Amino acid sequence: MFKKIFLYSLITNFFFTKKIFAAESGGMPQLDPEFWISQIFWLVLTFGVLYIVLSKLILPKISTNLELRKSQIQENIEAAEKQRESSEAKLKEFDGIILKSKIEAKNIFKDAREKVIKNINSKKEILDKQIDDEIKKAEMEIDTLRQSAPEKINKIAVVTSTEILKKLIGAEVNNSSISAIVDDLVKKNGDKYYGH
Amino acid sequence: MAANPMTQFEVYRIGPEIKVGAFDISFTNASLFMVISSLAILIVFNLGSKKNSILPNKIQLLAELSYSFVSKMISDTAGSKAKPYFSFIFSLFMFVLFCNMFGMIPYTFTVTSHIIVTFILAAFIFIGVTVIGFIKHGFGYLKLFVPSGVPIVLLPLIVVIEIISYLSRPISLSVRLFANMMAGHTMMKVFGGFVVSLGIVGGWLPLSFSVALTGLEILVAFLQAYVFAILTCIYLNDALNLHH
């Protein structure tokens, strides 16, 4: 059924097409000279106006626009390049400054350390000296004390012995005899008493 | 009526008949589309050159790209000496391109599908190039017909061939554009007619063909404008830099 309709329509269509094309009149309108002069006139007019306006007004403007843009972009690129260079130089300068200050800081540190060490050393020496002096003084004092100690002890011994004897006996005893005894005792047992 | 593929090329009067002497210069549909094309070019490029921003907007970009495209085309084919003729070639290229492209819109008229229009353009180019050649090189321009390095025996033949090829330049230039435009539009009309006559059942094939042809024709419209302009550049190159 569908096939039949399809074929039928196809045939009728071709029939119509044939009929339509048969009706056409041959020849190209382009070769009809009726409007040639008009076409030439209007072509010259429109193209002439187009050419004059484009060449005098519009194209120079586009050209300057392009040129301006080009130069502006070039300028911008140059400026950017300059800035980059200057920033690089500044960076270098900055690095230099940092390096310098680092060295300076190190030097300062070193100096300070040396000074401190020197200071400490000198103070230590002074202190050592003072300590030595004190020790010596003390030793000397001790020595003098030690040397004078037996005599004093002897005297004390003599005095106390006389006093004791006086109380015990109630009589005066000759000092010289007591001191002779003490001297004798010291000579005998002095080592035991004073550690000599 | 609609199926006749040649009716689209018919020229008819719009408005009253204007006569200057014996010449009929009435405003026709062809004139209308010449005016439309020129106006469109002027509007587009005027808008594209109005203000100069570092980042161009779309229409400015279009104008500037066209400018550099044509400028590059000229400097590539005709060298730096062709700079004074830039405006002319630019106008020519844009005029032909816009006429071709406006012809692609349904129910419009294709100005460049008329041999008289393309022939006048080509003849003007031919005469202009020849005049430039004689001004630049004097009678030395005739050396163009005598290629170097050709055996003496062949020289008369070669010279005749060169002269014929030179003289046929306007014809080949004009017929190429006219025939391309006419053939393309005729073919599209024929296939369009088939779509109607084959109806809903068989019309799909010519319809799809028509769609494909439209794309092809837009390509041809651009290509023929480009060819027209670049051949002009080549002829100009012959006249400016005579080295044969």
Does B:Ser165 satisfy the condition of being within 29 Å of B:Ser66 (Cα to Cα), among the hydroxyl-bearing types (Ser, Thr, Tyr) and loosely packed, with under 13 Cβ neighbours inside 10 Å?
no
Working only within segment B:57-85, note down all residues that are under 20 Å from B:Lys136 (Cα atoms) and within 16 Å of the chain's Cα centre (by Cα).
B:Ile74
Which one is nearest to A:Trp36 (Cα to Cα) among residues in segment B:104-133 that are in a helix (DSSP H, G or I) and among the aromatic types (Phe, Trp, Tyr)?
B:Phe119
More than 25 Å from B:Ile218 (Cβ to Cβ) and without any contact (Cβ under 8 Å) to a residue 12 or more places away in the chain: is that true of B:Ser53 in this structure?
yes
Considering A:Ile73, A:Ile52, A:Ile40, which residue is out of contact with any Phe, Trp or Tyr (no Cβ under 8 Å at 6 or more places or on another chain), within 30 Å of B:Val44 (Cα to Cα), within 14 Å of chain B (Cβ to nearest Cβ) and at pLDDT 95 or above?
A:Ile52
Pull out all pairs, ordered by first then second residue, where Cβ-Cβ is under 9 Å, the residues are six or more apart or on different chains, the first lies in segment B:145-174 and is farther than 27 Å from B:Gly128 by Cα, and the second is surrounded by fewer than 14 Cβ atoms within 10 Å (Cβ to Cβ).
B:Leu155/B:Val146
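Residue-by-condition table, conditions (1) in contact with a Pro (Cβ under 9 Å, 6 or more places away or on another chain); (2) part of a helix (DSSP H, G or I); (3) away from chain A (no Cβ under 14 Å):
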site: B:Lys189; (1), (2), (3): yes, yes, no
site: B:Ile200; (1), (2), (3): no, yes, no
site: B:Val220; (1), (2), (3): no, yes, yes
site: B:Cys233; (1), (2), (3): no, yes, yes
Of the residues B:Pro5, B:Pro16, which is without any contact (Cβ under 8 Å) to a residue 12 or more places away in the chain and either of a type outside the set (Val, Ile, Thr) or buried (at least 19 other Cβ atoms within 10 Å of the Cβ) (or both)?
B:Pro16
Within 24 Å of the chain's Cα centre (by Cα) and within 17 Å of A:Tyr51 (Cα to Cα) - does that describe any residue in segment B:12-22?
no
Among the listed residues B:Ile171, B:Ile158, B:Ile127, identify the single one that is more than 25 Å from the chain's Cα centre (by Cα) and of a type outside the set (S, T, N, Q).
B:Ile158
Enumeration of residues in segment B:195-226 that are of a type in the set (Ser, Thr, Tyr) and at positive phi:
none
Is at least one residue of segment B:194-211 within 16 Å of B:Thr112 (Cα to Cα) and over 10 Å from the mean Cα position of the chain (by Cα)?
no
Given (1) over 24 Å from the mean Cα position of the chain (by Cα); (2) closer than 20 Å to A:Ile58 by Cβ, B:Asn4 misses just (2)
Could you grab me the full set of residues in segment B:78-112 that are over 30 Å from B:Tyr12 (Cβ atoms), surrounded by fewer than 18 Cβ atoms within 10 Å (Cβ to Cβ) and either away from every other protein chain (no Cβ under 13 Å) or touching a residue at least 24 places away in the same chain (Cβ under 8 Å) (or both)?
B:Gly79, B:Ser80, B:Lys81
Looking at B:Ala239, B:Ala212, which is the one that is crowded, with 20+ Cβ neighbours inside 10 Å, away from chain A (no Cβ under 14 Å), of a type in the set (Gly, Ala, Ser) and assigned to a helix (DSSP H, G or I)?
B:Ala239
The residue that is surrounded by the fewest Cβ atoms within 10 Å (Cβ to Cβ), considering only those in segment B:175-209 that are β-branched (Val, Ile, Thr) and free of Cβ contacts under 8 Å to residues at least 24 places away in the same chain, is B:Ile200
For B:Ile125, which of the numbered conditions (1) buried (at least 21 other Cβ atoms within 10 Å of the Cβ); (2) within 10 Å of another protein chain (Cβ to nearest Cβ); (3) aliphatic (A, V, I, L, M); (4) in contact with a helix residue (DSSP H, G or I) (Cβ under 6 Å, 6 or more places away or on another chain) fails to hold?
(2)
Tell me the residue from B:Leu42, B:Leu65 that is at the interface with another protein chain (Cβ under 8 Å from one of its Cβ atoms) and either surrounded by fewer than 12 Cβ atoms within 10 Å (Cβ to Cβ) or more than 27 Å from A:Met28 (Cβ to Cβ) (or both), please.
B:Leu42
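The values are calculated or read from the model by the stated rules, or taken from the named source; none is laboratory data. From a predicted model like this one, the values you see are computed outputs, not experimental measurements. All Cβ positions, even for glycine, are placed from backbone atoms using ideal geometry, and neighbour counts span all protein chains on display.
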